[in-house]
Amino acid sequence: MFFLSVLCALCGYNDFMKYIDEYRDGEKARPVIEEIHRLADQPIRLMEVCGTHTVAIARYGLRNVLPPTIELISGPGCPVCVTSQSDVDLMISLSRVPGAIIATFGDMVRVPGSDSSLDRARAQGRDIRVVYSPLDGMKIAAAEPQKKVIFLGVGFETTAPTIAATVLEARRQGLKNFSVFSAHKTVPRALKALLELGEVKLNGFLLPGHVSAIIGSRPYEFLSQDYGLPCVISGFEPLDILQSVLMLVRQFKNRTPRVEIQYRRGVDEQGNRKAQEMMARAFQPSDVEWRGIGCIPGTGLAFREELADLDAVRIFDLPRVQSRENPGCRCGEVLRGILRPRECRMFAEACTPENPIGPCMVSFEGSCAAAYKYGS
Amino acid sequence: MKQDAMMNSSEDRILLAHGSGGELSHQLVAEIFAKSFQNPLLQPLDDSAVFSVEGTRWAFTTDSYVVTPIFFPGGDIGKLAVCGTVNDLAMSGAQPLFLSAAFIIEEGFLFSDLKRIVRSMKETAAEAGVSIITGDTKVVNRGAADRVFINTAGVGRIPPGIHISGHNALPGDKVLISGTIGDHGVAILSAREGLEFSTTLVSDCVPLNLLVKKLLTLSPQIHSLRDPTRGGLSSTLNELARQSGVGIWVVENSIPVKEEVRGACELLGFEPWNLANEGKLVAIVASEAAEAILGGMKDHPLGREAAIIGEVKEAPPGKVVLRTPIGSTRLLDMLVGEPLPRIC
């Protein structure tokens, strides 16, 4: 979003939209689609790792222009969805701390915990505010010094650097009433864990563009080297995704698995050094629980010792309660790519966006919500 | 079963999303209000109730306005309170005549702000040709309301021979929009605390009754009219598809959206068809009348950028299908949740 704001400021809305439109042009898409149809003469199963890709695929109806041989499966790339039930419950408990203000991105508000959700807690009088940036959380803390503002840090490498920068800035300003619950997760090792489970049979990965803008393409190389899987880092417009699918099909057909970058306008091999540095100054890798997958070593981002006084988990030291998920909820299998949203018996019946049972139906990036909303 | 799960427990509470104009709002109206107040005049759940007195048909409607901020680019809560109710009447084909205005004011509210709002109501009422003929004032403790809330109700007369309802869309009909969508939503957002961004965009807030009056003289074949306010174009089209039991097919590239609105949507992750409008209407008209009505819209100052955006088919009943720029199709669903509370 920051990138886009700068782009808008520099070249104005009109140029910006013209730029975007090039990647949504039906005329340009047609030859790419035709080439995919020509080459994909056998079943090819691809996983899109990123929730934003899941949404774009559904929003632009890409499945219905691809040949039936190509299967696109959603992976564990929706940060809200992979947040464990225990973490969701802890967030709700934090909202009940006397004097607490929870500052959060909107997606988290409706995720059902074991007994409640943040929007239900808000209806019961808890102070929960949707913000668009962690800096807004800091602003609230500065404006209301008698309150304890807790920002919920949920996201992958894309959001973690901004939140790291916020934490470091809060430290610099000496803000005493601001803290962050870091439920951040990192992507590459989670893909390894997913492959090691051995449940999902894949022929390639459509890799996340934004995460890769931060970490670069190198951390994924094991996917092609050790597992022989074609990989393409893709942008988010329909033409980006179609081109990436074509690149994956070519790698698969030619038996030349490697990590290619389609999203050259945002990603290089090394990634964004400054953002990586910022993350390293605030966080250190930790073991973390992923919904549906379990604990994956080294994929969490815990606060460094010297920033412990900004860590909401340590400050409030709330006991973790025994968490319960709805026994019928199959979000875990959806996140592992072994169940399509529509194959869940609760999909669009008991579980809908207005009355969600699991997080995949809540989050804008959730694969169940995308399948429901766009009918894909 | 879904609704039971949501509203049966004595512990369940109203969520902000129940007021968003999307799916939860519809459930709330259907399950709580429509069920309890059940009567034949309420039952169509159109923007206005329509009833006859001694051979003349009347439309009657009410709406409350809680927009924040109360002053925004292109309007204020007072202008909105007049436009909103005038437009709800106009969408039944009525010529609005009289409004009521009730104010709930928070202790400490500035007189100068109140005067500014009232002046704007007076001007907008004059523009629409309606009179505000009754009203009420309540002042509540600080914190019990957010500055000022306004309720307006209105009555209007429906000319003979006009039968417009959300239930009247027929397969083969064309779908028209009177201009660009999302202007109001983005104008409000740009003025929101914590989200200020600079835009030249102003709200499209305007009374639509004179435009409707003109369209009705052009052709009696207008089947449905609705102003896509809260919940945006997507909610309005879904309501019409459900009420008429038809499928509505729209073409993304034909929907007029200002560049600033598209840009803001890209930045904020919204889709323009989910954003509120306060000066646009959707018309579903017989195919043979579509060009004439489109021409009539374009000749009117409020319809310069009007467009035919799609058509009505038999299937899929109750659903809206969007054709994307790359030629694929997908559902255009009703808004769920509360991305933009208190926009009207």
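Every read-out reported here was derived from the displayed coordinates using simple, explicitly stated rules and does not represent laboratory data. Owing to the predicted nature of the structure, the values given are computational and were not obtained by experimental measurement. With ideal geometry, Cβ positions are generated from the backbone for all residues, glycine too; neighbour counts draw on all protein chains shown.
Rounding to the nearest 20 debye, state how big the charge dipole of the range B:174-331 is about its Cα centre with +1 on each Lys and Arg Cβ and -1 on each Asp and Glu Cβ. Write out the running numbers ahead of the final one.
On the way: 16 positive and 18 negative charges, 82 e Å.
Magnitude of the dipole: close to 400 debye.
Test of understanding: in a Gaussian network model of chain B with alpha carbons linked when under 10 Å, which of B:Asp47, B:Asp204, B:Asp299 would top the mean-square fluctuation ranking? Taking springs between Cα atoms under 10 Å, the residue moving most is B:Asp299. In whole Å, how far is the Cα centre of the range B:212-271 from that of the range A:73-127? Here the two parts' Cα centres lie 34 Å apart. Helix A:134-143 and the long axis of chain A differ in direction by around 20°, with both axes built from C-alpha atoms. For chain A, find the longest principal axis of its Cα atoms and tell me its angle to the long axis of helix A:160-173, 0 to 90°, nearest 10. The angle comes out at about 30 degrees. Look at the stretch A:353-364: the mean tally of other chain Cβ atoms within 10 Å of its residues' Cβ atoms is 4.
Evaluate the range A:270-376: find the radius of gyration of its Cα atoms, find its Kirkwood radius, and give the ratio Rg to Rh.
When Rh is taken as the Kirkwood radius, the ratio is 1.08.
Think of each Lys and Arg Cβ as +1 and each Asp and Glu Cβ as -1; about the Cα centre, that makes the dipole of chain A roughly 180 debye.
Axis angle, to the nearest 10 degrees, between helix A:26-39 and the longest C-alpha principal axis of chain A: 70 degrees. Every helix of 4 or more DSSP H residues in chain A counts as -39500 (n - 2.57), and over all residues that averages to -12000 deg cm²/dmol at 222 nm.
Tell me, B:Leu89, A:Leu195 in order of fewest to most beta-carbon neighbours within 10 Å? Please list the in-between numbers first.
On the way: B:Leu89 32, A:Leu195 18.
Ranking B:Leu89, A:Leu195 by Cβ neighbours within 10 Å, fewest first, gives A:Leu195, B:Leu89.
Dipole magnitude for the protein assembly as shown: about 420 debye, using +1 per Lys or Arg Cβ and -1 per Asp or Glu Cβ, origin at the Cα centre. For A:Glu169, B:Glu11, the sequence from fewest to most other C-beta atoms within 10 Å is B:Glu11, A:Glu169. Length available on full extension from A:Arg45 to A:Val97: 0.36 nm per residue minus the Cα-Cα distance, which gives 14.1 nm. The value for the protein assembly as shown of Rg(Cα) / (2.2 N^0.38 Å) is 0.98. Here's how it looks for B:Lys313: its modeled amide H is under 5 Å from those of B:Gly172, B:Gly247, B:Ile248, B:Trp249, which are all 5 or more places away or on a different chain. Going by neighbour counts of Cβ atoms within 10 Å, the residues A:Glu157, A:Glu34 line up, fewest first, as A:Glu34, A:Glu157.
Counting only DSSP beta bridges with both residues in chain A, what percent are antiparallel, rounded to the nearest 5? Write out the running numbers ahead of the final one.
On the way: 10 of 39 bridges.
The antiparallel fraction comes to roughly 25 percent.
Before rounding to the nearest 500, sum -39500 (n - 2.57) across all DSSP H runs of length at least 4 in chain B and divide by the residue total; then give [θ] at 222 nm in deg cm²/dmol.
-8500 deg cm²/dmol
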